[in-house]
Structure formats: C-alpha cells, structure tokens
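All remarks here apply to the structure that follows.
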Amino acid sequence: MQSNGRGEHHSPRSSTASKLPSPRGGGGGGGGEHYSPSPCKTPRGGGGGCASLKLLPSGAAWLVDSRWALSAALSLLLFLAVTLAVTSSSSISASSFFSSSNPSTAAEFIEARVHASQPQPDSSSSPSVAGAAAANATPASPPPPPPGAEVPRLAYLISGSKGDLERLWRALHALYHPRNQYVVHLDREAPVSERLALAARVSNSTVFRAAGNVHVIRRANMVTYRGPTMVANTLHACAVLLRRGGAWDWFINLSASDYPLMTQDDILHVFSTVPKNTNFIEHTGYLGWKEGQRARPLIVDPGLYGSKKQDIFWVSQKRDLPTAFKLFTGSAWVALSRDFVEYTVWGWDNLPRTLLMYYANFVSSPEGYFQTLICNAPRFVRTVANHDLHHIQWDVPPRQHPHALAMADLPAMVRSGAPFARKFPRDDPVLDAIDAQLLGRLAPPPPPPSPSPPRDATGGGGNGNGTAVAAKAVVAPVPVVAVQTFVPGGWCGGDASCGKVENDWVLRPGPGAERFKRLIDRIVRSEAFPNRQCK
C-alpha cells in the first residue's frame with residue numbers, strides 16, 4: 001500500500017486503481033476512502049462513476065465486477081478435463097495390462113461383465129426359477145470337521161514310588177491310546193536307576209516315539225500321600241499337560257497300583273456322550289469324624305523341604321474350622337475337565353492359591369483340596385458329578401488305605417461299572433484275569449533270564465588250585481527294555497500286536513462300554529444329579 005501526502009491509504013487492487021473513477025463520488029479517488037463494489041448510488045451522491053455499468057444488463061455487470069468468478073469457472077473446467085483424461089488413460093492401461101499378462105483373467109472379467117449385464121429372472125413370474133436363484137444365492141456351507149472330531153481326548157497322570165517301575169510300565173500299556181496324553185512319574189524315593197530306566201523305555205518305544213504323547217517327569221518330586229506334596233505333584237502334572245499336552249478334555253490321576261477294568265475304546269466312546277465341562281469328584285460337605293482327625297489338627301509334611309521321604313509330624317495346637325469357605329472331603333482320585341484344570345493352575349481369582357496354602361497343613365489334603373475348591377467356586381458347582389470313577393473297597397470307617405483287591409473281588413469290579421479299580425498288589429493273578437477277560441490283552445512273553453555269576457574255567461567255585469574264594473554278589477541291572485503288549489483297539493488296525501498307530505479316532509467299544517454307560521446314566525443323567533452337588 002502507498003501513502004499520499006495526508007497519510008491516507010489507497011486500496012492495493014492494482015497499480016491503476018487510482019486512475020479509475022471511484023463509485024463513491026464524482027470522479028477522483030481521494031479522501032482516503034477504499035474501493036467498494038456497493039451499488040452506485042451512495043449517500044455521498046454522484047452516480048457518474050456507474051454510467052458505464054448501467055449500460056450493461058445486471059448479470060453482465062456482476063460478472064464484470066466479479067472478475068474472480070470467471071477465473072474460478074475456467075479453473076473448474078480445466079480440472080474436470082484433466083480428471084477425465086487421467087481416468088480414461090488409467091482404464092485403458094489397466095485393461096491392456098491384464099489382457100497382456102493374464103488372458104484368462106481378462107476373459108473371466110469379460111464373462112463376468114456379460115453375465116452381470118444379462119437380465120435376472122423375475123421371482124414373481126416363476127416359483128421354480130425363484131427357488132433356484134435362492135439356492136444359488138445361499139452361501140456355501142462350512143467344510144466338514146476332520147474325522148474323529150467328536151472323539152474326546154484324555155490326559156492321565158500315572159505316579160509311583162520305590163519298586164513301582166514294572167507295574168507302572170504295565171499300567172501304562174493297559175491304559176495306552178495314541179489319542180490320549182500321559183505323564184508318568186516315579187517320585188524321589190525311587191532309585192535313580194529306576195527313573196532312568198523308565199525314561200529310556202519311553203524313548204525306545206516305537207509307538208510312544210511316533211505318537212509323542214508320553215511325558216516323563218525327569219526332575220522327580222518327593223510325594224507323601226497324607227501331606228500336600230501329592231496335591232503339588234498332581235498340579236505339576238496338570239501344568240505339564242497344559243503346556244505340552246496339546247488338546248485334551250479330561251485329566252485323570254492314577255497310581256501304579258490302579259488298573260483299568262475296560263479298554264480305552266470303551267472309555268472314550270462313553271466320554272464322547274458326556275458334557276465336556278463335567279468334573280468327576282467324589283465329595284461331601286459332612287465331615288463327621290474327619291472334622292476332629294483331619295480338619296482341626298495341624299501337620300507339617302517333611303516332603304516339602306526334605307530329600308528323603310518321612311511321615312508327617314503333628315503340631316500340638318489345633319485350629320478352628322474356616323469361615324471364609326466351607327470344607328468338603330472325598331476321594332483323592334478325580335477326573336477333571338480341562339476348564340477346571342485351567343482355573344486351578346492359572347487361578348484368575350485367588351481361591352485356588354488360598355486353598356493350596358490352607359491345605360499345606362491339612363491331614364490327607366488330597367482328599368479335600370479339589371472338593372473344597374470346586375464347591376466354593378460358583379461357576380463350577382453345577383458341573384460336579386459325585387463319583388471318582390473307581391471301584392475301591394474300604395473299611396467302615398475307612399482307614400488310610402483301602403483293601404487290596406484279589407481274584408475273589410473280580411465279580412464286584414465288573415458289577416460296579418467303574419472304568420478303574422484300586423488297590424492291586426504287585427503281579428497279582430487278578431491282573432492277568434483282567435487282561436484276559438476284560439481287556440482282551442495278549443500275555444507278554446516271559447522276561448529274559450537273569451545273568452548268572454561268572455565262573456572260572458574249572459567250572460567250580462575255587463580259583464583253580466582248590467582254594468575257595470568268596471562269591472561276589474552280582475546285581476542284575478534294571479532292564480531297559482521290558483516287553484509289554486498294548487490293549488487292542490481301533491487304532492491298531494489289523495495288527496493284533498498294535499505295533500504301529502493307524503487311525504486313532506476309530507473306536508471299537510465292547511461290553512465295557514455298556515457297563516460304563518449304565519454308570520454314567522446313574523451319576524450324570526439321572527434326576528438326582530443336581531441334588532448331589534456340593535451338599
């Protein structure tokens with residue numbers, strides 16, 4: 001802007017603005033007044049400056065006065081022309097690219113355009129045509145599930161102690177199915193040679209290696225039955241299975257003195273009809289004599305901190321019953337749903353950890369931890385079935401251990417319908433009867449003879465000159481490979497020895513499935529099922 005002699009400013013519209021007549025007054029552009037496109041008549045009079053504009057129509061006068069509108073219109077037309085040119089060139093180049101690089105794609109594109117341009121049938125004129133069009137418009141159904149998707153998977157813990165290697169190995173083969181998962185554990189009381197032999201046998205088994213579903217706890221735990229270490233060992237196995245066991249539906253804890261009364265095909269067949277959130281935990285809220293002998297005493301389990309197994313010792317002071325939760329008791333042998341196992345191990349609220357600390361000083365905590373936990377968690381109360389799936393013969397009142405089962409007890413085992421039984425002595429003839437009559441299992445070949453002590457060339461016990469020498473004790477090593485046969489099932493295919501895994505979802509249930517089904521009907525599908533939960 002430029003200043004005149006009186007400090008007044010002119011409008012910077014152009015360098016010749018001062019030469020144009022001002023619409024405000026008669027002719028000059030003085031007075032420090034700015035140019036304005038207002039109507040020609042103003043209070044200051046003098047419309048001479050608008051004489052030329054009055055000669056034009058009102059619309060033309062507006063265009064002349066608003067020069068920017070013309071520029072804007074030209075810019076808009078130029079923008080539209082450029083846009084159309086770019087769009088047409090892009091379409092031509094894209095069509096030429098697809099037609100040159102992929103002729104089939106171009107043909108499919110042209111065919112799709114032709115079909116799209118064809119008229120669609122009128123649904124009101126022909127019902128059949130309308131139905132066909134509706135059928136064609138229905139989205140494709142999802143692919144069918146893989147074979148055996150409805151067959152459940154079980155996860156077993158089989159634990160033992162000193163001297164249990166052979167019967168644990170036998171129980172593992174009697175319980176084995178390639179669809180399941182297994183954790184095997186010999187506690188720290190077992191000698192190192194037995195634990196190493198167990199790991200070597202598993203790794204040398206062709207079937208176990210192929211399926212990859214047998215896990216050995218190499219860092220053994222100290223387990224005391226009446227103390228909390230058995231609960232800790234069970235939770236350890238649950239954690240291993242959650243991390244390495246893949247997909248499974250129920251967790252079942254067993255010992256080396258347990259044995260199945262039916263095949264895995266029988267058990268899996270019946271479990272496939274059971275809701276997967278069902279938990280089999282024998283329980284009661286009536287403590288009775290256990291209140292004074294189990295709940296109130298305080299104990300310390302040396303297995304928590306010692307390297308040698310010792311019995312629990314008692315604290316003189318007793319404690320009151322808890323008021324923050326209600327105590328329940330029952331069997332130490334359970335079949336837990338995966339949902340409940342995840343809650344127990346991961347514990348998204350603090351109840352599992354609180355009860356674990358409480359039961360650290362509880363007598364026979366395996367008989368109360370899972371019972372108290374599930375009955376004080378409202379989410380799981382309606383999932384508990386009051387049974388442990390075992391046939392066990394107890395004293396009245398029960399003592400610490402049940403009766404050992406023998407051949408005379410076999411009819412009662414069969415009538416029970418339970419899939420498992422305990423407690424069996426080592427190598428009792430009743431186990432051979434169960435293999436032959438209930439499992440259809442082939443008898444294993446006899447073990448190789450034990451190595452005999454070395455003898456000298458004379459064949460006697462002396463040193464060759466008549467002098468007697470002391471005989472050296474020869475300790476036979478634990479056999480690394482022990483021959484055991486599997487229970488025949490659908491997974492064996494046509495191989496009676498079950499030397500390799502065929503289709504693990506093929507089941508061949510037998511009479512055991514009927515017995516187990518009747519038991520499940522009584523404890524899960526009866527009207528008494530909700531009336532026996534956490535009472």
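The values are calculated or read from the model by the stated rules, or taken from the named source; none is laboratory data. Nothing here was measured: the structure is a model prediction, and the numbers come from that model. Here the Cβ positions follow ideal geometry from the backbone for every residue, glycine too, while neighbour counts run over all protein chains shown. With ligands, DNA and RNA removed, areas are computed over all heavy atoms of the protein, side chains included. Shrake-Rupley method; radii C 1.70, N 1.55, O 1.52, S 1.80 Å.
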Exactly one of Ala408, Ala418 is at pLDDT 95 or above and within 32 Å of the chain's Cα centre (by Cα), and that residue is Ala418
Which of the residues belonging to the stretch 287-306 are among the charged types (D, E, K, R) and either in a helix (DSSP H, G or I) or crowded, with 18+ Cβ neighbours inside 10 Å (or both)? Lys290, Glu291, Arg294, Asp301
Single match in Glu282, Glu291, Glu342 (criterion: more than 28 Å from Ala421 (Cβ to Cβ) and either under 28 Å from the mean Cα position of the chain (by Cα) or hydrophobic (A, V, I, L, M, F, W, C) (or both)): Glu342
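Please determine whether any residue of the stretch 437-444 is in contact with a helix residue (DSSP H, G or I) (Cβ under 6 Å, 6 or more places away or on another chain), in a loop (DSSP other than H, G, I, E, B), open to solvent by less than 30 Å² (accessible area, probe 1.4 Å) and at pLDDT 95 or above. Talk me through it step by step, then tell me what you get.
We begin by selecting, within the stretch 437-444, every residue in contact with a helix residue (DSSP H, G or I) (Cβ under 6 Å, 6 or more places away or on another chain); these are 441.
Now narrow it down to the ones that are in a loop (DSSP other than H, G, I, E, B): 441.
Of the ones still in play, those that are also open to solvent by less than 30 Å² (accessible area, probe 1.4 Å) are 441.
Now narrow it down to the ones that are at pLDDT 95 or above: none.
Scanning the stretch 437-444, I find no residue that is in contact with a helix residue (DSSP H, G or I) (Cβ under 6 Å, 6 or more places away or on another chain), in a loop (DSSP other than H, G, I, E, B), open to solvent by less than 30 Å² (accessible area, probe 1.4 Å) and at pLDDT 95 or above, so the answer is no.
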Residue count for the stretch 352-373, restricted to those that are farther than 18 Å from His236 by Cα, surrounded by fewer than 22 Cβ atoms within 10 Å (Cβ to Cβ) and within 25 Å of the chain's Cα centre (by Cα): 0
In the stretch 154-169, what residues are over 20 Å from Thr229 (Cβ atoms), part of a helix (DSSP H, G or I) and under 30 Å from the mean Cα position of the chain (by Cα)? Trp169
For Tyr225, work out the one condition from (1) open to solvent by 10 Å² or more (accessible area, probe 1.4 Å); (2) touching a residue at least 12 places away in the same chain (Cβ under 8 Å); (3) under 25 Å from the mean Cα position of the chain (by Cα) it doesn't fulfil. (3)
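The rows are residues; the columns are (1) over 28 Å from Ala528 (Cα atoms); (2) crowded, with 21+ Cβ neighbours inside 10 Å; (3) hydrophobic (A, V, I, L, M, F, W, C); (4) out of contact with any His (no Cβ under 7 Å at 6 or more places or on another chain).
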position: Lys308; (1), (2), (3), (4): yes, no, no, yes
position: Arg319; (1), (2), (3), (4): yes, no, no, yes
position: Thr323; (1), (2), (3), (4): yes, no, no, yes
position: Val334; (1), (2), (3), (4): no, yes, yes, yes
position: Trp346; (1), (2), (3), (4): yes, no, yes, yes
position: Cys375; (1), (2), (3), (4): no, yes, yes, no
position: His390; (1), (2), (3), (4): no, yes, no, yes
Test result for Ala232, open to solvent by 10 Å² or more (accessible area, probe 1.4 Å), small (Gly, Ala, Ser) and closer than 23 Å to Arg441 by Cα: no
What tally of residues in the stretch 484-535 results from selecting those that are part of a helix (DSSP H, G or I) and either open to solvent by 70 Å² or more (accessible area, probe 1.4 Å) or closer than 18 Å to Ile267 by Cβ (or both)? 18
Scan the stretch 252-271 and report the pairs whose first residue is over 16 Å from Gly160 (Cα atoms) and whose second residue is outside any helix (DSSP H, G or I) and acidic (Asp, Glu), with Cβ atoms within less than 9 Å and a gap of 6+ or a chain change. Phe271/Asp249
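For the stretch 244-253, how many residues meet the condition of being modelled with pLDDT under 95 and either touching a Leu at 6+ places or on another chain (Cβ under 8 Å) or open to solvent by 20 Å² or more (accessible area, probe 1.4 Å) (or both)?
3
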